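Just so you know, all these numbers are worked out from the coordinates, no wet-lab data involved. Source: prediction; values computed, not measured. All Cβ positions, glycine included, derive from the backbone under ideal geometry; neighbour counts span all protein chains shown.
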Amino acid sequence: PLAPPHPLTHAHPTDRLHALALAHPTTVTLLPLGHSRNGRGIHAVRLTDGGGDPPPGRPAILVVANVDGPQTFGSTIALHQAEELARRFAAGDEAARELLATTTLYIVPCANPDAAAARFAQPLREADTGGRGVDNDRDRRAGEDGPADVNGDGRITTMRWEDPDGRWIPDPTDPRAMVEADRAKGEIGRWKGAVEARDADGDEEVGEDPEHDTRLNANFPHEWVEHAPDAGLFPLDEPEARALVDFVLLHPDLALVLTYGALDNLVKEPKKVEEGAPPVKRIPRPG
């Protein structure tokens, strides 16, 4: 059966993991990884064939979902896989028993609980950042001038206003959308655009200091970009990123890590590296 199509709030993965561990105590073990910046728990489950710690030398697979906060459907898929595997193992399914007899499976269904919770906050908006807040206007206050529901429709989207210094023009195919003016074609921009917001701090700038600034995907040590606005103060500055890295370092049995997220890098079969061939360039973080 397919996973439920609706996205999950942070409470749903937590409740379902506890229920799964209670229902299958000899197969499923609940593992706390840490807490988010706002105190929400980050949990994993371990699936084995006999309960307790796996025997030495047995390889493990780690599945991580919802590193990108708004993509809560990844949590749905990861939870469904854990529940279905435990159910099939208990029912005597041969494939499930063979898998857990040779491989330990760790599943983290919600790696970014704060951003996942923001996905359902009112007013609705796409929020994929956490962190300490932004002080772009250098007034020694962080996060005081962020997105706002200006028109009162219950959603924070984008807005535009006419300005002779703007770079945008209405899309010829749909005037509700905007495209950047192409000067080579004689087009002259006359609109500016931004995330829907007000000038909450009265400095004549709109929404320049959002309450969150760091994308979890940009806070890991691999290809961390210093001074990037979404990368955090330093690698692993975000407790969610630190929790994941600590878990990986404490589990040398991990042979494979799968992530369900924005890159969709498992649509095609991964490239194989022949012995003696030069290393394949690693996949960069999302831009």
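For this structure, a couple of remarks:
- Averaging the Cα positions of each part gives two centres, and for region 26-46 and region 159-189 these lie 47 Å apart.
- Cut-off under 5 Å, modelled amide H: who pairs with residue 33 long-range: 42, 43, 44
- Spin-label pair residue 201/residue 274, simplified geometry with 7 Å Cα→Cβ offset, distance in nm: 5.8 nm
- Computed from phi, the 3J(HN,Hα) profile of region 165-176 under the Karplus parametrisation 6.51, -1.76, 1.60 (θ = phi - 60°) reads 8, x, 9, 10, 9, x, 5, x, 8, 7, x, 6 Hz, with x in place of Gly and Pro.
- Packing-based order for 215-222, 86-93, using average beta carbon neighbours within 10 Å, highest first: 215-222, 86-93
- Cβ-Cβ FRET estimate between residue 101 and residue 18, R0 fixed at 25 Å, reported to 0.05: 0.45
- Amide H contacts of residue 168 (H built 1.01 Å from N, under 5 Å, at least 5 apart or other chain): 181, 190, 191
- Once backbone amide H atoms are built at 1.01 Å from N, residue 196 has 157, 158, 159 as its partners under 5 Å, excluding neighbours fewer than 5 places away on the same chain.
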